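The values are calculated or read from the model by the stated rules, or taken from the named source; none is laboratory data. Because the structure is a prediction, the values reported are computed rather than measured. Positions of Cβ are backbone-derived with ideal geometry, glycine not excepted, and every protein chain shown enters the neighbour counts.
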Amino acid sequence: MLRVAGLRLHNIRYKTAYKRHLSTTSNSQTPNSTMAKTKELSKDTRNKIVDLHQAGKTESAIDLTPWGQNDHKNGEQKSQDHTGDLVNDLQRSGTKVTKATISNTLRRQGLKSCSARRVPLLKPVHVRARLKFAREHLDDPEEDWENVIWSDETKIELFGKNSTCRVWRRKNAELHPKNTIPTVKHGGGNIMLRGCFSAKGPGRLIRVKERMNGAMYREILSKNLLPSARALKMKRGWVFQHDNDPKHTARATKEWLRKKHFKVLEWPSQSPDLNPIENLWRELKIRVAQRQPQNITALEEICMEEWAKLPATARLPTRQTLAPPKKSGPAMGPGEELGT
C-alpha cells in the first residue's frame, strides 16, 4: 500500500530501517563474490521514494535528495524535504540509488510518468460552489440539459501549440518537414473567438477583434445569441450559460438579460472544465492545426469553415468512462467520434 504521508521520518525509524537494509544486503552476497551484484532496495527505501514522488519531487530531485534526517525543535518533529543523507549511506554500503532505480521503483508501485493536467486554481469557496452546483443538478433530466445554450471564448494561435501532434517517424528523421510543426517567435499572432452551442449543434462563431468590454459583450449577445437560438430551434424557456467574467455579471448586462427575458444558468466560478464547449474548442483547434494556416486571415477563415463542419452529435468515449454511469447530464448521441 502506498503511503500518502509526508517526509516526517523519525530518526529511530530511519536507523532501524537502515540496519535492516544493511543486514539484508550483506546476507545476499558471499565473501568470495567477484562480480558486483545489484542490491534490491528495502521496502522502507522504496516507500521513501514514493513519498518524495507524492510530495512533487522529480526523479532527478529524488536522486539528489538526502533522506532520513529530522530536525527537532522544542521537542516537535518538523517536516522537511531534506531529512538526512540516506543516499550517501546507501552508496557507501554498495547500493547506488540512480534515476533509473527510482523510475523502476515508482513503476513497480503502479505509478507512471505523465504530463500534469492543467486545472483551475480552486480556493475553498470555489470548491464549495462547484459541489453545490453538482448536487443541485445531479438529478436534472436529460431534456433540461438539451435546452441549454453553452457559450465561451477561446484563443487560437497561428503557429502556437493549439494541440498535441504525434508523428510516426524513423530514427534521425525528426527534422524532416513532414515530421515537424512550423513555429515562429511569439506564436505569429492569434485570434480570439466567441461561440456557443447546444445539444442540437453549434451556434454562431465570431471573432472578437478588440478588447471586449460590457457594452461590446451585450452587442455580441444581441447580434448572435438570439439568431443562434432561432437557428438551433431552441424550445421555449431555453437557458443561457456563460461564466462569471465581470463583463457577464455587470449590472448593465444582467439588466439587459432580464429585459430580454433570458434565463441564465447559475454558474460556479473557476469552472471552465464544467463547460462542455471545451470539447468543441479542442476539436476545432485540432482541425485547424491540420490545415496549417499561414496567416491570420487564413486562420480566421479556416476556423469558421471547420466550426461549420462540426457534427451536431458526437461521442467522447474517454470522457464517458470518466463520468458517473447515470444522472450526470445529457448523454452524447451516436455519431462522429471527436477527440478524447
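Numerical summary
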| read-out | value |
| --- | --- |
| The stretch 299-317: number of residues that are in contact (Cβ under 8 Å) with a residue 40 or more places away in the chain and part of a helix (DSSP H, G or I) | 6 |
| Strands (runs of 3 or more DSSP E) wholly inside the stretch 45-159 containing at least 2 residues that are modelled with pLDDT of 70 or more | 148-157 |
| PRO293 vs. criteria in contact with a Pro (Cβ under 9 Å, 6 or more places away or on another chain), surrounded by 13 or more Cβ atoms within 10 Å (Cβ to Cβ) and at pLDDT below 95 | no |
| For GLY333: the one exception among (1) modelled with pLDDT of 75 or more; (2) exposed (fewer than 13 other Cβ atoms within 10 Å of the Cβ) | (1) |
